[in-house]
Amino acid sequence: MEDDDQKMQIMRKAFQMFDTSKSGFIETLKISTILNTIGQAYDDGELNALIEEQDPDGTGKVNFDCFCNIASHFLEEEDAEAMQEELKEAFRLYDREGNGYITTATLREILAALDDKLGPEDLDGIIAEIDTDGSGTVDFDEFMEMMTGE
């Protein structure tokens, strides 16, 4: 998962940039600035709630781990939404007639393209799990459920 490493590096650099006294702590007030700096969207209310969670005593400071817990909350969320959009796009590409579903044969192609380690048996297993009613088709919700595990 190199994405996570990359995120960690970005967060560490940002943290160090704002930890000017090298105390190992940054002021919670600066977190919104950091999120803005790394181009991360966030919700003020949510941010404040997370800060309270990570700084229950209200010291106004958090260490790197606490900062990561706060920042990664937003990094993850953004990714989840972007991922859902990408999946929708992918689904649309394969649902050429716009029926709102794709055939399990098409799904096999998508899965094989996404993960070349999957053999025919793996694919059969996955498809049997998704197409529980044996209809030979998969609708967007089933597709999303499979891709996100939700």
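The values are calculated or read from the model by the stated rules, or taken from the named source; none is laboratory data. Quick caveat, the model's predicted, so the values are computed rather than measured. Counting neighbours? That spans all protein chains shown, and the Cβs are built from the backbone with ideal geometry, glycine included.
Restricting to the range 37-77, count the residues that are in a helix (DSSP H, G or I), among the acidic types (Asp, Glu) and surrounded by 14 or more Cβ atoms within 10 Å (Cβ to Cβ).
1
How many residues does the range 79-106 contain that are of a type in the set (A, V, I, L, M) and at pLDDT 85 or above?
Number of matching residues: 2.
How many residues does the range 67-120 hold that are more than 30 Å from Lys30 (Cβ to Cβ) and among the hydrophobic types (A, V, I, L, M, F, W, C)?
So the answer is 13.
Name the single residue that is modelled with the highest pLDDT among those in the range 110-150 being among the charged types (D, E, K, R) and outside any loop (DSSP other than H, G, I, E, B).
Glu121
Of the numbered conditions (1) in contact with a strand residue (DSSP E or B) (Cβ under 6 Å, 6 or more places away or on another chain); (2) among the polar types (S, T, N, Q); (3) in the same structural domain as Lys13 (by TED's automatic domain parsing), Thr103 fails exactly one; give the number of that condition.
Answer for Thr103: the failing condition is (3).
What number goes with the only condition from (1) more than 29 Å from Glu145 (Cβ to Cβ); (2) assigned by TED's automatic domain parsing to the domain that holds Met144; (3) of a type in the set (Phe, Trp, Tyr) that Phe25 does not pass?
(2)
Name the single residue that is surrounded by the fewest Cβ atoms within 10 Å (Cβ to Cβ) among those in the range 10-36 being basic (Lys, Arg) and more than 25 Å from Glu81 (Cβ to Cβ).
Top of the filtered list is Lys22.
Name the residues in the range 105-139 that are within 22 Å of Met83 (Cβ to Cβ) and of a type in the set (Val, Ile, Thr), would you?
Scanning the range 105-139 gives Thr106, Ile110, Ile126, Ile127, Ile130, Val138.
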